[in-house]
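Have a look at the structure below, then the notes.
The values are calculated or read from the model by the stated rules, or taken from the named source; none is laboratory data. Here the structure is a predicted model, which means the values were calculated and not measured. With ideal geometry, Cβ positions are generated from the backbone for all residues, glycine too; neighbour counts draw on all protein chains shown.
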Amino acid sequence: MKLLVKDAARLLDVSEKTIYRWIKQGSIPAYRLNEQYRFNRAELLEWATARRIPISPEIFREEESEQASLPDFSEALRAGGVHYRIGGSDKASVLHAVVESMRLPAEVDREFLYEVLLAREALGSTAIGDGVAIPHVRNPVILHLERPLVTLCFLERPVDFGALDGQPVDTLFTLISPTVRAHLHLLSRLSFALRDPAFKQAVLGQAAREEILAAAERADHDRTRAVTARP
């Protein structure tokens, strides 16, 4: 879906003037079509998440009718698993170790997935600050999965991911989805969860697996309340 300036402003909860300023600065991903600026919803969400820009709950409301059959973030995280002491000395070796730790169907080519994640990273760092990165596949339809997965990995040693805040990364949420819709669904919910103080504290403190999963479930519940409370 291509969004207009007014749509981007509403979803990012800023003025249209701010959107135009970001366009002029070349900082926001925008496309000029027929004398109008358009935005890709997934790219806009990725951009806002990377810069820790608050996102209006409206973005979740608009997806509810289409995504009722998709799992909540906490379900996808439980399916993908929480893994500790993942090795690696640089971005490439870390991503390789992460892929090896993932709970993937036997038919998924792990080496191919690793190459795709590495190629996505070359387009721009997926680090979002505070030592967290969100590696993901830009074209998820190439993977044959029955359900989307979120895998949380804590690294044995922090690694430079080129984060905007300069902090090395020691925590990775890897998103693997069978469709673009599922990818957007999970990315939006992860973005919301990372703004939840209890969930963020559990993640940054590398809490026990069940503690993190319980915090993710509470964040899902809070998201649902935020969406339904919106007039």
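Taking the stated definitions as given, is Leu175 assigned to a helix (DSSP H, G or I) and within 29 Å of Asp109 (Cβ to Cβ)?
Values: assigned to a helix (DSSP H, G or I): no; within 29 Å of Asp109 (Cβ to Cβ): yes.
In short, no.
Taking the criterion of being over 25 Å from Asp220 (Cβ atoms) and of a type in the set (A, V, I, L, M), the residues of segment 87-120 that qualify are Ala92, Val94, Leu95, Ala97, Val99, Ala106, Val108, Leu113, Val116, Leu117, Leu118, Ala119.
Matching residues to (1) crowded, with 16+ Cβ neighbours inside 10 Å; (2) part of a strand (DSSP E or B); (3) among the acidic types (Asp, Glu):
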{"position": "Ala76", "(1), (2), (3)": "yes, no, no"}
{"position": "Ala97", "(1), (2), (3)": "yes, no, no"}
{"position": "Leu104", "(1), (2), (3)": "yes, no, no"}
{"position": "Val108", "(1), (2), (3)": "no, no, no"}
{"position": "Leu118", "(1), (2), (3)": "no, no, no"}
{"position": "Glu121", "(1), (2), (3)": "yes, no, yes"}
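With respect to Leu164, is the statement that it is under 18 Å from the mean Cα position of the chain (by Cα) and at pLDDT below 90 true? Let's see the steps before the verdict.
Numbers: under 18 Å from the mean Cα position of the chain (by Cα): yes; at pLDDT below 90: yes.
So Leu164 passes the test.
For Ala92, are the conditions met, namely being aliphatic (A, V, I, L, M), modelled with pLDDT under 95 and assigned to a helix (DSSP H, G or I)? No; evaluated as a whole, the condition is false for this residue. Against the criterion of being modelled with pLDDT under 95 and either assigned to a helix (DSSP H, G or I) or buried (at least 21 other Cβ atoms within 10 Å of the Cβ) (or both), Phe192 qualifies. Number of residues in segment 172-189 that are surrounded by fewer than 19 Cβ atoms within 10 Å (Cβ to Cβ) and of a type in the set (Val, Ile, Thr): the value is 2.
Is it the case that some residue within segment 138-155 is part of a helix (DSSP H, G or I), touching a strand residue (DSSP E or B) at 6+ places or on another chain (Cβ under 8 Å) and not polar (S, T, N, Q)?
First, the residues of segment 138-155 that are part of a helix (DSSP H, G or I): 140-142.
Next, only the ones that are touching a strand residue (DSSP E or B) at 6+ places or on another chain (Cβ under 8 Å) stay: 140.
If we keep only those that are not polar (S, T, N, Q) too, we end up with 140.
Yes - at least one qualifying residue is present in segment 138-155.
Can Ala106 be described as farther than 25 Å from Lys2 by Cα and more than 16 Å from the chain's Cα centre (by Cα)? Even if it seems obvious, please write down each step before you answer.
On the way: farther than 25 Å from Lys2 by Cα: yes; more than 16 Å from the chain's Cα centre (by Cα): yes.
Here the answer is yes, as Ala106 does meet what is asked.
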